[in-house]
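Written below as structure tokens is the structure these notes are about.
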Amino acid sequence: MHQLLFHLGALVTTALPLPADELRLAQVEVAQPSVVAAPPPEAAAVSAEGTESLSSFRAGDLIAAASNLSALPDGLSSGAAKHAQGVIAYYRGDRSAAARLFTEAAGLDAAYAPPVAALIRLRLAEGDTSGARSLFEQRLSASGNAASIEATGLLIDLSQGQSEAVIAKARKLLLRDEKNLDAYFAMAAANVSMGRVEIARYICDQAISRDAGRPDFYFLKAKIELTAGSQSQARTFLRRVIELDPNHPEARNNLGVLSMRTRDFEGAIEHLEAASKVDQNSAAVWNNLGSAYKGAQRYDDAKTAFDKAIQLAPAEPMSYYNLGLLYFDAEFAGLDKIARMDKAAELFNTFLAKSPTGPAVERATKFSKDASQLSKTERELKEQADEKKRKAAEAPPAEETETPTEELPSDDTETPVEELPAAEETAP
């Protein structure tokens with residue numbers, strides 16, 4: 001059977017907090033589901049249209065990718081083609097269409113795992129663990145307990161933190177199907193979560209030797225390097241993810257945060273704007289984008305991004321902290337210092353009410369007090385200035401007195417001229 005282009009990976013992000021004392025920016029990293037692209041094991045198995053679709057996809061041209069897919073002959077790997085269309089719908093922000101296409105793809109090929117994994121990821125992202133489990137059991141039964149479908153259930157166990165169980169199940173799966181890369185990924189991810197980074201790195205390398213085109217393994221290697229403290233190596237692997245899938249929101253998000261760590265705010269904005277176009281409902285992405293805008297002194301854009309993060313996740317505290325810092329540090333047209341400090345204090349207090357513990361609590365407490373004190377001082381200075389103006393306006397006008405002036409001679413008076421003595425006449 002021809003295989004097409006796209007695969008869903010079980011990606012795991014990592015926290016990348018920025019040094020808030022240095023940049024006065026607090027970061028949040030929250031994993032969101034991502035559909036990723038992977039070429040088939042054998043390039044020869046892909047039709048010409050499929051190859052063009054993959055090229056367009058990696059170039060970020062989703063419209064061309066969708067057009068090439070629609071040109072595929074009927075019946076040519078229809079499940080994979082339908083799944084690929086779902087991936088494109090996902091990356092274009094239409095989650096409902098993506099879910100529908102994934103469901104259709106799963107129905108066309110019972111043993112084809114990517115659309116099943118995609119649906120499970122989407123349900124897990126919505127917090128619907130029982131729905132994800134029910135879907136998995138249905139698809140596993142429909143496939144006749146195919147190893148490919150059984151591996152997708154490991155995503156649910158991973159989300160529940162059942163690392164030991166994932167490793168045990170993955171080993172059994174690999175005895176049935178030694179080329180099952182989803183089992184490799186689940187085993188590697190479980191080892192990362194348990195701190196066994198060397199084992200996880202080895203598993204990823206083994207998987208990449210079998211298929212060097214799957215972005216999810218490079219992304220997991222980036223997480224491993226971050227865990228080991230090697231940001232430069234992590235950046236290398238994240239860039240490899242972007243080469244394979246320029247729309248990958250988690251890789252873009254993390255590259256954006258790493259760029260901010262080196263104060264490359266324009267680079268951070270490029271990555272985070274790309275992530276926000278795909279992962280439009282991720283408060284973490286919008287929060288990080290707001291911090292990048294703030295670093296680039298694009299304060300109005302920063303405010304819009306932080307407001308978006310709060311709108312998407314009003315219960316998450318860090319967006320209030322970031323927006324409070326923005327009001328504390330930046331000036332906005334039509335907003336005086338008193339109003340800014342009052343708003344900053346309000347936001348810091350909201351953060352404190354939602355986050356009673358954590359490293360930013362002490363800073364937020366201090367900033368709240370500073371903002372309140374600055375507002376009080378500005379208000380007192382304004383009241384003093386207003387009082388001075390009021391007293392000046394109420395004071396009686398000063399009496400006018402005439403100042404004597406020295407009279408100047410009139411232009412009509414003649415100035416006496418001294419007469420010269422007459423010249424004496426001499427006798428001849």
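Details
- Listed from fewest to most Cβ neighbours within 10 Å, the set Arg261, Arg240 follows the order Arg261, Arg240.
- Burial ranking of peptide ranges 165-174, 379-388 (average Cβ count within 10 Å, highest at the top): 165-174, 379-388
- Whole-Å semi-axes of the ellipsoid equivalent to the stretch 182-316 (Cα gyration tensor, √5λ, descending): 30, 15, 13
- Neighbour-count order for Thr227, Thr350, Thr262, fewest beta carbons within 10 angstrom listed first: Thr262, Thr227, Thr350
- For the stretch 312-326 versus the stretch 137-173, the spacing of their alpha-carbon centroids is 37 Å.
- Quotient of C-alpha Rg and 2.2 N^0.38 Å, computed over the stretch 297-342: 1.14
- Two-site label geometry, Gln311 and Arg176: point separation in nm, points 7 Å out along Cα→Cβ: 4.6 nm
- Highest to lowest packing among 254-260, 143-149, scored as the average C-beta count within 10 Å: 254-260, 143-149
- This ranking places Tyr321, Tyr299, Tyr327 by how few other beta-carbon atoms lie within 10 Å of each, fewest first, which gives Tyr299, Tyr327, Tyr321.
- Label point distance in nm, Ser230-Arg100, each placed 7 Å from Cα along Cα→Cβ: 4.6 nm
- Base-10 log of normalised Debye intensity for the stretch 259-358 (one unit scatterer per alpha-carbon) at q = 0.11, 0.12 Å⁻¹: -0.31, -0.37
No value in this document is a laboratory result; all are computed from the given coordinates. Model, not experiment: these values are computed from the prediction. Counting neighbours? That spans all protein chains shown, and the Cβs are built from the backbone with ideal geometry, glycine included.
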